[in-house]
Amino acid sequence: MRASQFFISTLKEAPADAEIVSHQLMLRAGLIRRLAGGIYTWMPLGLRVLRKVEAIVREEMNRAGAIELLMPAVQPAELWQESGRWEQYGPELLRLKDRHQRDFVVGPTHEEVITDVVRREIRSYRQLPRHFYQIQTKFRDEIRPRFGVMRGREFLMKDGYSFHAGFADLQREYSVMHETYTRIFTRLGLQFRAVAADTGSIGGTGSHEFHVLADSGEDAIAFCPTSDYAANVELAEALAPMSARPAATQAMKEVATPGKIKCEDVAEFLGLRIEKMVKAIAVIRDGIPEGEPGRFALILLRGDHDLNEIKTQKIIGHFRFAREDEIEERLGCRPGYIGPVGINHVATFADRTVAAMGDFVCGANKPGFHLTGVNFGRDLPDVTGGNVADFRNVVAGDPSPDGKGTLELCRGIEVGHIFQLRTKYSETLKCTFLNEAGQPQPMEMGCYGIGVSRIVGAAIEQGHDARGIVFPRAIAPFELAIVPVGYGKSAAVREEANRLYDELSAAGIDVVLDDRDERPGVMFADWELTGIPHRVVIGERGLKEGAAEYQGRRDANATTAPLSEIVSLVRLKVCG
């Protein structure tokens, strides 16, 4: 590709509303342009990156035996009503009416559509298993789209769906997809980690997320560096303490803590470690009528731990946090001073860590006061059975659930997710087959997604520096830029640049020749900003010495090489 025949539209500054590095650099490098909130045009340079990601995904999906199709972006409401997600999905589902006032949606996902296809086409166990996938535009009406393509409303996604006669075969395909996704992200040149995850609104049983590791990632990942254990913090189990609860050594005492409502402030005021604090979180449980026991509940956590809402929902059901007026009505105290001692008709749940604590500090249910030396079984009823559970997020240093070390935390950007859906959709949508006995049976289903456009943003979050993007070779818009200094003025420079361009192109290297009438500094800045991994500079001074300069995107300095060796050097650097 010759730069003069392409379209390059770099910017010196990013728009003020670009919040994160990938958004800023994608705009500055001319990869995307904003059309509306969360909706972007992929410019020619960005589209080259997107298509390279797409090609690797397609090659590996085909290699794994999946079959590509293309489903409609606009879907009839009847399918979503039949699955029950018309009401469940919420405002992120963009709903519209056609001229006949019939309801439709712009698909954020395609479980309903593919299940409808399969229930019409597949009748017998002899036709199973089958795995269909597509690479297609999706739309989710995010309330506040942000971070460019990382959390846009319109995005490109690979979604695949497998159908099986039995769970064992679903597990086999799930394992195949885990291996396939590992190959995909390895080929993309990304540092990533596969983690066990919650199935969320998609449903099903087993689930793994694939995260590109980056400090700016929205998701926290817990992993054990001495084993293969890794999980999203939403799912990672916090094990119960190994030691038994210590015997009481202090008498319970009410102490004044004026104006101290945060655990860390109370601990500092009392001269204690925050690990001695217990905080009480008041919640209202859904599905329990007003006034009934258990509707208003307290969840007890150690002062330095955070509530894991997903775990909590699985334990106590759907809930919301209690309002200040509800807390005052039930406990006679505002938040910051509430605790589990001396309360009646309030369901109390304790995290495993709290259940093993003694002589702890908690709110006194009295403004400006806390209790010290509190112990279960003496000062308040003991918590046992189902009222003790894992309610918290893991922290660094917690024992790994696999028993092979301790946990560390890192940040990640989710770019892939695989699920064992089981029969959630096949039962609801009556997607059945005739088994070997001739009896109808719901199909087992798997679901496998990759955020194709999100990968581009994630790659930039992982790979960038002060000069711009640092793309992995596999997805860079071009692998190599030839920058001739004085292309329009020097016949010798032009001849050598053209020769090198032809020879490297013939060798299969994706090369761009910058034949624009621009200053060298502008050309260097453009190719560094856009993340081209390799660069060759040709100038009259070098030609007089029979040499050219090679520089990798991450190299601090250029390497001078004889013209007779530059092609072999570039091939070695680019192809490895």
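At-a-glance table
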quantity: Flag for L25 being of a type in the set (A, V, I, L, M), assigned by TED's automatic domain parsing to the domain that holds F147, more than 19 Å from M157 (Cα to Cα) and not in a helix (DSSP H, G or I); calculated: no
quantity: All positions within the range 481-494 that are outside any loop (DSSP other than H, G, I, E, B) and either within 43 Å of the chain's Cα centre (by Cα) or not aliphatic (A, V, I, L, M) (or both); calculated: A481, I482, V483, P484, R494
quantity: Unique residue being acidic (D, E), buried (at least 18 other Cβ atoms within 10 Å of the Cβ) and under 28 Å from I475 (Cβ atoms) when the list is D116, D159; calculated: D159
quantity: Sole residue being buried (at least 17 other Cβ atoms within 10 Å of the Cβ), outside the structural domain of I8 (by TED's automatic domain parsing), outside any helix (DSSP H, G or I) and not polar (S, T, N, Q), chosen from A548, A556, A497; calculated: A548
quantity: F349 more than 37 Å from the chain's Cα centre (by Cα) and aromatic (F, W, Y); calculated: no
quantity: Selected residue (criterion: farthest from E427 (Cα to Cα)) from residues of the range 133-170 that are assigned to a strand (DSSP E or B) and at pLDDT below 95; calculated: R146
quantity: Qualifying residues in the range 502-511 (those that are within 14 Å of I538 (Cβ to Cβ) and in contact (Cβ under 8 Å) with a residue 60 or more places away in the chain) - the one nearest to the chain's Cα centre (by Cα); calculated: V511
quantity: Looking only at the range 9-33, and only at residues there that are of a type in the set (D, E, K, R) and surrounded by 13 or more Cβ atoms within 10 Å (Cβ to Cβ), the one that is modelled with the lowest pLDDT; calculated: E19
quantity: Members of the range 1-35 found to be touching a residue at least 40 places away in the same chain (Cβ under 8 Å) and over 23 Å from the mean Cα position of the chain (by Cα), listed by number; calculated: M1, R2, A3, S4, F6, I8, T10, R28, A29, G30
quantity: The one condition in (1) in a helix (DSSP H, G or I); (2) within 26 Å of R144 (Cβ to Cβ) that E59 fails to fulfil; calculated: (2)
quantity: Considering residues of the range 34-73 that are among the charged types (D, E, K, R) and within 28 Å of V118 (Cα to Cα) only, the residue surrounded by the fewest Cβ atoms within 10 Å (Cβ to Cβ); calculated: R63
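The values are calculated or read from the model by the stated rules, or taken from the named source; none is laboratory data. These numbers come from a predicted model, not from an experiment. Neighbour counts are summed over all protein chains in view; Cβ atoms, including those assigned to glycine, are modelled from backbone coordinates with ideal geometry.
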